[in-house]
Amino acid sequence: MAAPIEFKLFAPYNKGAALMGCFSDWEEIPMEKDEEGNFRTKVDLEDGVYQYKFRVQSKSWFLEADQWVDVIDPYATDIDDPTQNAVVRIKDGDRIIDSYVWKHDDKPLPADRELVIYEMHVADFSGGEADPLARGKYEHVVEKLDYLADLGINAIELMPLKEYPGDYSWGYNPRYFWAAESSYGTTEELKNLIDECHARGIRVIIDGIYNHSESSSPLTQIDHDYWYHHDPRDPDNNWGPEFNYEFYDEKLGTYPARKFIGDTVRYWVQEYHLDGIRFDAARQIANYDFMHWIVQEAKKVAGPKPFYTIAEYIPEDPSITNVDGPMDGCWHDSFYHSIIPQLCGDNFDLERLKEVIDCKRQGFLGATNVVNYLSNHDHDRVFSELGERGILDEAAFKRAKLGVALLMTAVGVPLIWMGEEFGEYKAKTLEQSKIDWTLLGNDMNKGLWEYYKGLIHLRKNNQALYTENIEFFHEDPEAKVFAYTRWNDEGSRVVVVANMSENYLAGYSVPHFPANGTWHEWTGNYDVESVDDNIMIDLPEYEAKVFVWQ
C-alpha cells in the first residue's frame with residue numbers, strides 16, 4: 001500500500017526546485033518553498049527502494065545566474081554507485097536506513113585513558129589476503145577482529161567513511177556527508193562491523209572531515225557562499241571548499257554550515273553507535289566556538305557511554321584540549337617528529353625526548369590530551385624511515401622495538417598505524433596499497449608482533465601507565481641513556497631505561513632507582529634487585545629495558 005513520503009530541500013535563497021525520480025520516470029515534480037527556506041513535495045510510494053535527485057536554480061557564483069542544475073539530496077543516506085543518484089528506502093510507509101538489529105550495545109567499553117588505538121583504512125587493511133589486489137570491505141575487517149583483540153587493541157580509528165567519488169580514496173574528499181562509502185559494503189555491514197567490535201570490547205572512532213568537502217558536493221552547487229567561504233583561507237593547505245562556520249543568516253536565525261554539520265554528526269553517532277570522532281584539519285577549521293558546540297552535540301547523542309574526541313591540530317597547541325579547549329585529545333605530531341629521527345640516529349636531544357614523552361612539559365594537562373604515534377596515514381612507516389638510512393634487518397627491528405617501548409610507556413594514548421605491529425615497510429602512497437599479511441610468516445616480523453602484544457598487555461595491566469605521573473630520575477647524555485618512572489596511587493609502578501646509542505653498555509649502573517627490592521624486567525623476563533637505590537644491568541644498543549615493581 002502506498003504512503004505519502006515527503007521530500008525536502010533546504011535552499012532558502014534559490015528561486016525554484018523540482019524533484020525527479022524513478023517513480024516519476026525522471027520527469028520533474030514541482031516543489032513549493034515554505035517560510036523556513038525548504039522546498040517540499042510529497043509522493044505516494046509503496047514499500048521499496050527508489051532513486052531520486054533534485055533540480056534547482058543555482059545561486060553559486062561559478063554558474064550562470066539562476067541556472068538549473070541537477071543535485072543530489074545533501075541529506076541522502078545512500079547513493080547508488082553507478083548512477084550517482086540518491087537512494088531512499090521505504091518500509092511500512094516510512095523512510096528507513098536499513099533493517100539492522102544491534103546485538104552488543106550492552107557490552108562494557110574501555111575508558112579513554114585505557115585506549116590503545118589502531119588506525120586503519122578499510123580498503124587496504126584487510127580482506128582477500130589470497131588476492132593481494134582485492135579491495136578490503138567492512139566484512140573483511142570483521143574477519144580480522146579476533147586478530148586485533150589478540151594483539152590487545154581496544155579501539156579502532158577508521159579513516160573517512162563518507163561517500164566519495166570513484167572507487168578508491170583515503171576519504172578526505174567527502175562528497176556526500178550522510179552516506180557511507182558503498183564500495184566498502186552496505187550500511188548493515190558497517191553496523192555489523194561496529195557491533196562486532198563492541199562485542200569484543202573494542203571502541204570505534206571515525207575520522208570526520210568537517211573542514212571541507214569535495215568540490216562537487218551538493219551544497220557547493222546549490223548556493224556555494226551560503227555554506228562555504230568564497231576563497232580558501234590558507235591556499236597552501238586547501239583540500240576543497242571550506243565550510244564557513246562564522247556565517248549567520250539573520251533572516252532565518254541560523255548558522256547554515258553549523259546546522260548541516262551538526263545534523264550529520266548527530267546522525268552518524270546515533271545511527272552507527274560510534275564511540276569517538278577524530279576531527280581532521282581542526283587547525284584549518286580555526287573556530288573553537290563551533291568545535292565546542294559540535295563536540296557537545298556528539299556527546300549528547302552518545303549518552304552515558306565513553307566518547308573520545310581527537311583533533312588533528314598540527315602543529316599541536318595545548319589550548320585545543322586544556323581547560324577551555326573543545327577537544328579531549330589531539331594528535332601529538334611532535335612525538336613522531338622527535339622520536340623517529342632519534343631512533344634513526346640522526347641526532348640525540350634528551351630535552352626534546354623528555355618533552356614529548358611527558359607532554360605536560362609542552363603544556364598539556366592530562367594523559368588523554370595527546371594521542372602518540374610512531375607513524376600514521378600521513379607519515380612514512382618506521383621501517384621505510386630506517387631503510388632510507390640503510391638500517392635494515394635485525395638493526396631495524398631492534399630500533400622499532402625501542403620505539404614501541406617509548407610509545408606504550410609515554411604519557412598519553414598510544415596509536416598504531418595498521419601493519420606497523422609486524423613491520424610493514426611500504427612507503428606512503430595515496431594509491432591502493434594493501435598491507436602485506438605474509439610478513440607475519442617471518443620470524444623477525446612475528447617477533448615484533450609479539451613484542452607489541454606484550455607491551456600492550458603490560459600497559460593494560462599496569463595502570464601507572466594511565467596516569468600523568470612521570471619522573472625522569474636518571475640522565476646520562478654522554479652515553480645517550482635516560483630513565484623514567486611511571487606510577488599511580490595504588491602501588492603500580494613501571495620504570496623504563498632507554499639506551500639511544502649504538503654502544504652495548506655492559507654492567508651499566510642506574511642510580512636513584514625509585515624503590516629497593518625486586519623488579520621484573522619485562523623484555524627479557526627476569527628479576528633484578530635494586531639495592532641502595534641502584535641496579536646494574538647490561539644495556540644493549542638501541543634498546544629499552546622495562547621494569548615492573550613486584
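The values are calculated or read from the model by the stated rules, or taken from the named source; none is laboratory data. Given the structure is predicted, the values throughout are model-derived calculations rather than measurements. All Cβ positions, even for glycine, are placed from backbone atoms using ideal geometry, and neighbour counts span all protein chains on display. Side chains are part of the model used for accessible areas, which takes the heavy atoms of the whole protein and leaves out ligands, DNA and RNA. Shrake-Rupley method; radii C 1.70, N 1.55, O 1.52, S 1.80 Å.
Kindly indicate whether ARG135 is in a strand (DSSP E or B), touching a residue at least 40 places away in the same chain (Cβ under 8 Å), open to solvent by 40 Å² or more (accessible area, probe 1.4 Å) and more than 30 Å from ASN461 (Cβ to Cβ).
Values: in a strand (DSSP E or B): no; touching a residue at least 40 places away in the same chain (Cβ under 8 Å): yes; open to solvent by 40 Å² or more (accessible area, probe 1.4 Å): yes; more than 30 Å from ASN461 (Cβ to Cβ): yes.
Taking the combined requirement at face value, the residue does not satisfy it.
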Exercise for review: Kindly indicate whether ASP98 is assigned to a loop (DSSP other than H, G, I, E, B), among the charged types (D, E, K, R) and open to solvent by 40 Å² or more (accessible area, probe 1.4 Å).
Suggested key: no
Check your understanding: If ILE29 satisfies every condition in (1) open to solvent by 90 Å² or more (accessible area, probe 1.4 Å); (2) free of Cβ contacts under 8 Å to residues at least 24 places away in the same chain; (3) farther than 25 Å from SER215 by Cβ but one, which is the exception?
Key -> (1)
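Each row is one residue, and each column tells you yes or no for (1) in a strand (DSSP E or B); (2) under 26 Å from GLY454 (Cβ atoms); (3) over 27 Å from the mean Cα position of the chain (by Cα).
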{"position": "GLU64", "(1), (2), (3)": "no, no, yes"}
{"position": "VAL69", "(1), (2), (3)": "yes, no, yes"}
{"position": "PRO82", "(1), (2), (3)": "no, no, yes"}
{"position": "LYS107", "(1), (2), (3)": "no, yes, no"}
{"position": "PRO110", "(1), (2), (3)": "no, yes, no"}
{"position": "ARG113", "(1), (2), (3)": "no, yes, no"}
{"position": "GLU139", "(1), (2), (3)": "no, no, no"}
{"position": "ASP146", "(1), (2), (3)": "no, yes, no"}
{"position": "PRO160", "(1), (2), (3)": "no, no, no"}
Point to revise | Those residues of the range 272-282 which are in contact with a Ser or Thr (Cβ under 8 Å, 6 or more places away or on another chain) and either of a type in the set (A, V, I, L, M) or open to solvent by 20 Å² or more (accessible area, probe 1.4 Å) (or both), in sequence order | key: ILE277
Exercise for review: Check GLY524 against each of (1) open to solvent by less than 40 Å² (accessible area, probe 1.4 Å); (2) out of contact with any Asp or Glu (no Cβ under 6 Å at 6 or more places or on another chain) and name the one condition it does not meet.
Suggested key: (1)
Practice item. Scan the range 283-290 and give yes if some residue there is buried (at least 18 other Cβ atoms within 10 Å of the Cβ), β-branched (Val, Ile, Thr), in contact (Cβ under 8 Å) with a residue 12 or more places away in the chain and under 25 Å from TYR255 (Cβ atoms), otherwise no. Key: yes
Check your understanding: Tally time: how many residues in the range 452-472 are more than 19 Å from GLU543 (Cβ to Cβ), more than 28 Å from the chain's Cα centre (by Cα) and open to solvent by less than 60 Å² (accessible area, probe 1.4 Å)?
Key -> 0
Point to revise | Criterion violated by MET444 - all others in (1) aliphatic (A, V, I, L, M); (2) more than 30 Å from VAL510 (Cα to Cα); (3) in contact with a helix residue (DSSP H, G or I) (Cβ under 7 Å, 6 or more places away or on another chain); (4) open to solvent by 50 Å² or more (accessible area, probe 1.4 Å) satisfied | key: (2)
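Give me the residue from the range 7-56 that is outside any loop (DSSP other than H, G, I, E, B) and aromatic (Phe, Trp, Tyr) and, out of that set, nearest to LEU252 (Cα to Cα).
First pass over the range 7-56, keeping only residues outside any loop (DSSP other than H, G, I, E, B): 7-10, 17-24, 29-30, 32-33, 38-45, 48-56.
Now drop any that are not aromatic (Phe, Trp, Tyr), which leaves 7, 10, 23, 39, 50, 52, 54.
Working: PHE7: 21, PHE10: 12, PHE23: 33, PHE39: 15, TYR50: 32, TYR52: 28, PHE54: 22 Å.
Among those that are outside any loop (DSSP other than H, G, I, E, B) and aromatic (Phe, Trp, Tyr), it is PHE10.
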Check your understanding: How many of the residues making up the range 372-390 are touching a residue at least 12 places away in the same chain (Cβ under 8 Å), assigned to a loop (DSSP other than H, G, I, E, B) and over 19 Å from GLU431 (Cβ atoms)?
Key -> 2
Review point. Yes or no: GLY491 over 31 Å from the mean Cα position of the chain (by Cα), open to solvent by less than 40 Å² (accessible area, probe 1.4 Å) and at positive phi?
Key: no
Review point. Can you tell me which residue in the range 138-168 is modelled with the lowest pLDDT, limited to those that are touching a Ser or Thr at 6+ places or on another chain (Cβ under 8 Å) and open to solvent by 30 Å² or more (accessible area, probe 1.4 Å)?
Key: ASP167
Review point. In the range 391-410, what count of residues is obtained for those that are free of Cβ contacts under 8 Å to residues at least 60 places away in the same chain and not in a helix (DSSP H, G or I)?
Key: 2
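Taking the condition assigned to a loop (DSSP other than H, G, I, E, B), open to solvent by less than 30 Å² (accessible area, probe 1.4 Å) and modelled with pLDDT of 95 or more, does SER60 pass?
yes
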